[in-house]
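Only one structure is covered here, and it is reproduced in the block below.
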Amino acid sequence: MPNIYPAFPERQEFDIYATMTPAKEVGGDFYDFFMIDEDHLCMVMADVSEKGIPAALFMMSSKIILANNAMLGKSPAKILEDTNAAICANNREEMFVTVWLGILEISSGKLTAANAGHEYPAIRYADGNFELYKDNHGFVIGGMEGVKYREYELKLTPGTKVFVYTDGVAEATNTENELFGTDRMIEALNKDAGANPQDVLENVKNAVSGFVKDAEQFDDLTMLCMEYKGNE
């Protein structure tokens, strides 16, 4: 997964940062981001259904299939549709993966995204606060053949941030078996909503750590934040 920052030092139109804090088991969370061409940035956040080495291998193959389809210039819905077809054709392990995938047209700020059973993204427009964006969920990737996916468009203005994550954030559990939950996550995001993407993720991670304390972590903590700066 990309882990060298700044990821695109030559691009002033956006800033992006992502982290994965693994649990004790080998997990199947993954994120990815890459340039499709000079004007399109692809972002992926995904979570495989199982744990351990088989999940890690399934994660790697899913990541490659998604990226290969994206690089062909397909729309987010078509990328998910064709990835689902490829995985269902050879899924002896009967695993599945939830995926949020978005493609940003950098010159215009148009974000086109599709969701295959994944967590809701959180959006923060300039000078505002982060809020959950309850997008339409399609079926998980690898769960059933012939699934169609719907995509949606958001117009990002300079200063807009997009935050995506896996369920290890909201489902982090303390010693009293309480879940961290999306309300606490949004509160942590808004602790300093105007911060850069790296600091936004650090604020959420610190809030989760402060909540969980000494409780054992059972799931990976995977997050990505992208700030659109436009041409200003």
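Bear in mind that the values in this text are calculations on the coordinates, not laboratory data. Just so you know, these numbers come straight off a predicted model, no measurement behind them. Here the Cβ positions follow ideal geometry from the backbone for every residue, glycine too, while neighbour counts run over all protein chains shown.
A few comments on the model shown:
- Burial ordering of MET144, MET20, MET1, MET43, fewest other beta-carbon atoms within 10 Å first: MET144, MET1, MET20, MET43
- Computed FRET value (nearest 0.05) for GLU171 with LYS213, which takes r as the C-beta separation and R₀ as 25 Å: 0.95
- FRET efficiency for TYR133 and GLU93, using Cβ-Cβ distance with R0 set to 45 Å, rounded to 0.05: 0.90
- Length released on extending from GLN198 to MET144, taking residue separation times 0.36 nm less the Cα-Cα span: 15.8 nm
- The reciprocal of the average 1/r between distinct C-alpha atoms defines the Kirkwood hydrodynamic radius, which for region 25-93 equals 12.6 Å.
- Computed log₁₀ I(q)/I(0) - Debye formula, equal Cα scatterers, no solvent, region 79-232, q 0.09, 0.13, 0.16 Å⁻¹: -0.33, -0.67, -0.94
- Radius of gyration and maximum dimension Dmax of region 137-177, Cα, Å: 16.3, 42
- For MET95, net neighbour charge (Lys/Arg +1, Asp/Glu -1) across residues whose Cβ lies under 13 Å away: -2
- In Hz, Karplus ³J(HN,Hα) per residue of region 74-82 (6.51, -1.76, 1.60; θ = phi - 60°; x = Gly, Pro): 6, 6, x, 4, 5, 4, 5, 4, 6
- Site pair GLU38 and TYR152 shows an inter-label distance of 3.3 nm when each label is modelled 7 Å from Cα along Cα→Cβ.
- Remark: ASP29, ASP219, ASP192, ASP135 ranked as ASP192, ASP135, ASP219, ASP29, counting other beta-carbon atoms within 10 Å and listing the fewest first.
- Each principal axis of the Cα cloud of region 171-232 was evaluated for its coordinate range; sorted largest first, these ranges are 47, 19, 15 Å.
- Per residue, the average separation of C-alpha pairs within less than 8 Å and at least 6 apart gives the chain a relative contact order of 26 percent.
- Over the chain, dividing the summed -39,500 (n - 2.57) contributions of all DSSP H runs of at least 4 residues by the number of residues returns a 222 nm mean residue ellipticity of -8000 deg cm²/dmol.
- Of the cross-linked pairs LYS63/LYS229; LYS110/LYS229; LYS134/LYS161; LYS63/LYS110, those separated by over 18 Å at the C-alpha level are LYS63/LYS229; LYS63/LYS110.
- Pairwise FRET efficiency - ASN206 versus MET71, Cβ, R0 = 45 Å, nearest 0.05: 0.80
- Isotropically averaged projected area of region 80-146, using the convex hull of Cα atoms (one quarter of hull area), nm²: 5.5 nm²
- For region 16-161: span of alpha carbons on each principal axis (Å, largest first): 46, 33, 27
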